[in-house]
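Participant: Before I ask anything, let me first share the structure, which is written out below as structure tokens.
Here, each number is a calculation from the coordinates, and none is a lab measurement. All values reported here derive from a predicted model rather than from experimental measurement. Counting neighbours? That spans all protein chains shown, and the Cβs are built from the backbone with ideal geometry, glycine included.
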DNA sequence: GCCTTTGGTAAACGAACGTTTACTGAAAGG
DNA sequence: CCTTTCAGTAAACGTTCGTTTACCAAAGGC
């Protein structure tokens, strides 16, 4: 086999201590994560996922375009991975609440505060969910809807376990949670769009969110299945 | 009298257009409308607005790319025009309802049916609103939020005029309508995603939507400002 | 009837795009 | 130790992109 001329490295881009103590598998996972983070970062600068190009995602991740294909077939597949990751973030909210418990007094306000912190701590994930759940590629939209549905079911289950609203049928409880999830995600976009350091607007938003939930739960407690 | 536009000498991509008795201003408006329709049509095939290119929009509209600039500075400006147009469609819903009136019995179910028909009759407008209100260019998202806000206010005003829920303060009424609008728009995406000819799913969706609104209004009627 | 205005066109530009190919070098594995 | 595996690279391809330019023909204004 003839070898072609191999260009010697010009000025070496190779760092002197390049050593990475990660195994090959770990490195691969890391690059994959970089690609996903790159996409989220670009979305964080006000771009919709469907407006991203494969090349700029790889650029943001610090790899060459061809590398992309070692991890995903196309951008849609990366999008689905993001749905999964974001869904995990969503679920973590429930898990945390379950672990810490919520005080029975002023329950809604506390929940809203926890939720707001969660959204702010994972802003890119919520930005992705809120952004792609309505528009964008149908396959991604569908996947997000599925995550939301699971989330709502889990929430209904938790409420059952806590003995909240014991008078409601499972079906009604499920419908209620669907409504709550919609309201939550809508609030997420509003939280994310808040100008920084505007406690006035912030309070207004939180108050409105709390009131909407209060109204919903008031309705739930007056509900009678028939 | 009909004049024909004679195709140029070459092999014509030029359609055989039959005349047009429109004034220059009318023709311009028509092309502008074609551009907007072209963008909506592309979105109708499952693409997000932010993923559209200027060239494909002009292609869909049947004009040459350079023509675009006779009407809009860039795609964002076209997007804002679409927001305005879609907002008008939204408002028309209220106007129609106001004109026809809603029967007091089974009011919610009737309203939902009317709404569903409205969404199906203007699917592209609702697809645009639902799709861009969460993701997409910030300037467009903001404009949609403004439209929604106006819509909610108008709805609150109508409810006042009808004497519904007279016990609620204006502020609370406004909050309620915000919640209703969110729920409506969420339902719009679901209506638009419905597979064709599946009365089973359709009924399920409508029933769920009705129940959610019933719950909300039940809460509203039990609400006490303090 | 002539001149001006203007909506649409044709052509061209450099830039960015998605994807494929052949290659490399270090880790994995026997 | 030697071979195999494979994540990442470099380069090249044919497209498509946004935008600018000069131009045309018809409508509008006088």
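Participant: Please report, for residue B:70, the nm distances (one decimal) from its label point, 7 Å out from Cα along the beta-carbon direction, to the equivalent points in the remaining copies, shortest first.
Facilitator: 5.1
Participant: Sticking with this structure for a sec: Is the C-alpha gyration tensor of chain A telling us rounded, prolate or oblate? Criteria: a/c under 1.5 is rounded; beyond that, a/b larger than b/c is prolate, otherwise oblate. Don't jump to the answer; show the numbers that get you there.
Facilitator: Numbers: a/c = 2.63, a/b = 2.32, b/c = 1.13.
Prolate.
Participant: Choose one answer from A:46, A:136, A:79: the residue with the largest mean-square fluctuation in a GNM of chain A with alpha-carbon springs under 10 Å.
Facilitator: Between A:46, A:136, A:79, it is A:46 that shows the largest mean-square fluctuation.
Participant: Going 7 Å from Cα along the Cα-Cβ axis for the label, what nanometre distances separate residue B:96 from the same residue across the other copies?
Facilitator: 4.4
Participant: Compute the long axis of helix A:199-222 from its Cα atoms, compare it with the longest principal axis of the Cα atoms of chain A, and write down the angle in degrees, 0 to 90, nearest 10.
Facilitator: 50 degrees
Participant: At a temperature of 37 °C and a viscosity of 0.692 mPa s, determine how fast the range B:31-149 diffuses translationally according to Stokes-Einstein, using the Kirkwood radius over alpha-carbon pairs as Rh; express D in µm²/s, rounded to the nearest whole number. Intermediate values should be presented prior to the final figure.
Facilitator: Details: Rh = 15.3 Å.
Approximately 215 µm²/s, per Stokes-Einstein.
Participant: Let me ask another. Quick check: from the Cα gyration tensor, does the range A:179-218 come out rounded (a/c under 1.5), prolate or oblate?
Facilitator: Values: a/c = 5.33, a/b = 1.64, b/c = 3.24.
Cα axes put the range A:179-218 in the oblate bin.
Participant: OK, next. Among B:32, B:160, B:196, whose mean-square fluctuation peaks in a Gaussian network model of chain B (Cα, cutoff 10 Å)?
Facilitator: Evaluated over chain B, the most mobile residue of the options is B:196.
Participant: Now a separate question. Quick one: what do you get for the range B:87-188 if you divide its Cα Rg by 2.2 N^0.38 Å? Please list the in-between numbers first.
Facilitator: Values: Rg = 13.8 Å, N = 102, 2.2 N^0.38 = 12.8 Å.
Against the compact-globule rule of thumb, the ratio is 1.08.
Participant: Could you tell me which of rounded, prolate or oblate describes the range B:39-78, using a ≥ b ≥ c as the square roots of the eigenvalues of the alpha-carbon gyration tensor, with rounded for a/c under 1.5 and, failing that, prolate when a/b is larger than b/c and oblate otherwise? Show your work: numbers first, answer last.
Facilitator: On the way: a/c = 2.43, a/b = 1.48, b/c = 1.64.
Verdict is oblate for the range B:39-78.
Participant: For chain B, take the longest principal axis of its alpha carbons; what is the angle in degrees between that and the long axis of helix B:170-193, to the nearest 10 within 0 to 90?
Facilitator: 50 degrees
Participant: Using a 7 Å offset from Cα along the direction of the beta-carbon, what are the separations from residue A:107 to the same position in each other copy, nm, ascending?
Facilitator: With the label placed 7 Å along Cα→Cβ, residue A:107 yields 2.9 nm.
Participant: A further question on this structure: If you line up the long axis of helix A:138-162 against the longest principal axis of chain A, both from Cα atoms, how many degrees apart are they, to the nearest 10?
Facilitator: Rounded to the nearest ten degrees, it is 40.
Participant: Taking the Cα centre of each part, how many Å lie between the range B:99-140 and the range B:18-76?
Facilitator: After rounding, the separation between the Cα centres reads 25 Å.
Participant: If the elastic network links every pair of Cα atoms under 10 Å, which of B:54, B:201, B:173 fluctuates the most in the Gaussian network model of chain B?
Facilitator: B:201
Participant: Would you calculate, for chain A, the mean residue ellipticity at 222 nm contributed by helices, counting each DSSP H stretch of 4 or more residues as -39,500 (n - 2.57) and dividing by all residues, to the nearest 500? Kindly include the intermediate steps, with their values, before the conclusion.
Facilitator: Details: 8 runs with 153 residues, N = 226.
Per the formula, -23000 deg cm²/dmol.
Participant: Quick check on the protein assembly as shown: what are the equivalent-ellipsoid semi-axes from the Cα gyration tensor, as sqrt(5λ), descending, whole Å?
Facilitator: Details: eigenvalues 330, 261, 69 Å².
Working through the eigenvalues yields semi-axes of 41, 36, 19 Å.
Participant: In whole angstrom, note down how far apart the Cα centers of the range A:188-218 and the range A:80-96 are.
Facilitator: Between the Cα centre of the range A:188-218 and that of the range A:80-96, the gap is 22 Å.
Participant: Still on this structure: Fewest Cβ neighbours within 10 Å first, please rank B:35, A:124 accordingly. Please list the in-between numbers first.
Facilitator: Details: B:35 25, A:124 20.
The fewest-first ordering by Cβ neighbours comes to A:124, B:35.
Participant: OK, next. Going by how many other beta carbons lie within 10 Å of each one, how would you line up B:49, B:151, fewest first?
Facilitator: Listing B:49, B:151 from fewest to most nearby Cβ atoms yields B:151, B:49.
Participant: Next up: What does the range B:50-99 give for Rg and for Dmax, in Å, if only its C-alpha atoms count?
Facilitator: My reading of the Cα-based Rg and Dmax gives 14.5, 44 Å.
Participant: By count of other Cβ within 10 Å, fewest leading, how are B:115, A:69 ordered?
Facilitator: A:69, B:115
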